[in-house]
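Shown next, in structure tokens, is the structure this report addresses.
The values are calculated or read from the model by the stated rules, or taken from the named source; none is laboratory data. Please read these numbers as outputs of a predicted model, since none were measured by experiment. Ideal geometry is used to build each Cβ from the backbone, glycine not excepted, and the neighbour counts take in all protein chains shown. All accessible areas refer to the heavy atoms of the entire protein, side chains included, with ligands and DNA or RNA removed. Shrake-Rupley method; radii C 1.70, N 1.55, O 1.52, S 1.80 Å.
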Amino acid sequence: MAQTTATATLNLGYLTVLHEPTGYLGGYLVTNNWGRPLEFRLSTAVQPNRVQQILYGRTLQPYVCADLIGKTLVDKTGIPVQLILTDREPMLDLRLKMEVPVVWLATADDAAASDHAGGGSCVRPAGNGRGPALCHARFPADVPVVRELLERLDSSIDLSEPFTRIHEAIGEARKMGVTNRG
């Protein structure tokens with residue numbers, strides 16, 4: 001008989017976008033369930049012009065973060081993941097384009113997270129100094145799936161730690177002049 005899902009490989013994708021004066025810059029780190037890096041990708045900077053800012057209005061950030069940067073980085077990655085984690089709320093809209101659950105690891109003091117948490121999309125409530133983990137509100141069926149995936153991880157793993165690595169790697173890539181890779 002085949003291996004059960006409890007012992008099957010679990011790869012996690014960590015996706016973030018930095019908003020800087022030069023534009024939006026994304027980083028995507030794929031790790032195994034122990035947090036070891038398997039693949040890393042950077043986006044080029046995306047700088048919406050004034051016309052785009054006007055036309056997209058409040059939908060600009062989700063469009064740039066999820067559609068332009070997030071989807072491109074995930075699509076170009078060779079290693080499939082079972083779960084995408086992000087530290088940016090606009091990235092939740094990536095779930096509209098992917099079959100993989102997307103979870104926002106909000107900070108403890110994020111007011112927008114409180115609004116989301118009340119809508120049935122909460123995977124893990126806030127507590128112990130951390131914010132809630134939230135799925136996209138249009139995909140409530142993701143909540144039990146994500147909970148099961150997270151239960152398969154070692155409880156000592158800090159899910160937010162890889163974002164620090166991504167930010168540091170982006171800084172190093174800038175020094176090396178490679179932030180123009182997609």
For the stretch 130-146, how many residues are touching a Lys or Arg at 6+ places or on another chain (Cβ under 8 Å) and more than 11 Å from V102 (Cα to Cα)? 2
Residue in the stretch 14-28 that is under 22 Å from L94 (Cα atoms), at pLDDT 95 or above and touching a Pro at 6+ places or on another chain (Cβ under 7 Å) present: yes
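Right, A141: without any contact (Cβ under 8 Å) to a residue 40 or more places away in the chain, closer than 23 Å to V74 by Cα, open to solvent by 30 Å² or more (accessible area, probe 1.4 Å) and hydrophobic (A, V, I, L, M, F, W, C) or not?
Answer is yes for this residue.
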Residues of the stretch 80-117 being among the hydroxyl-bearing types (S, T, Y) and crowded, with 18+ Cβ neighbours inside 10 Å, which ones? T86
Flagged in the stretch 24-71 as part of a helix (DSSP H, G or I), within 13 Å of the chain's Cα centre (by Cα) and of a type outside the set (G, A, S), in numbering order, are P62, C65, D67, I69, K71
I'm checking my understanding of the structure. Among residues of the stretch 118-138 that are farther than 23 Å from P62 by Cβ and surrounded by fewer than 16 Cβ atoms within 10 Å (Cβ to Cβ), which one is modelled with the highest pLDDT? P125
For the stretch 4-20, state whether one or more residues are part of a helix (DSSP H, G or I), of a type in the set (D, E, K, R) and either farther than 20 Å from R165 by Cβ or without any contact (Cβ under 8 Å) to a residue 40 or more places away in the chain (or both). no
Go through the stretch 39-86 residue by residue and tally those that are charged (D, E, K, R) and touching a residue at least 24 places away in the same chain (Cβ under 8 Å). 5
Taking the stretch 36-56 and keeping residues β-branched (V, I, T) and open to solvent by 80 Å² or more (accessible area, probe 1.4 Å) leaves V51, I54
Out of all the residues in the stretch 21-34, which are free of Cβ contacts under 8 Å to residues at least 40 places away in the same chain and of a type outside the set (V, I, T)? P21, G23, N32
In this structure, is G27 surrounded by fewer than 13 Cβ atoms within 10 Å (Cβ to Cβ) and not aliphatic (A, V, I, L, M)? no
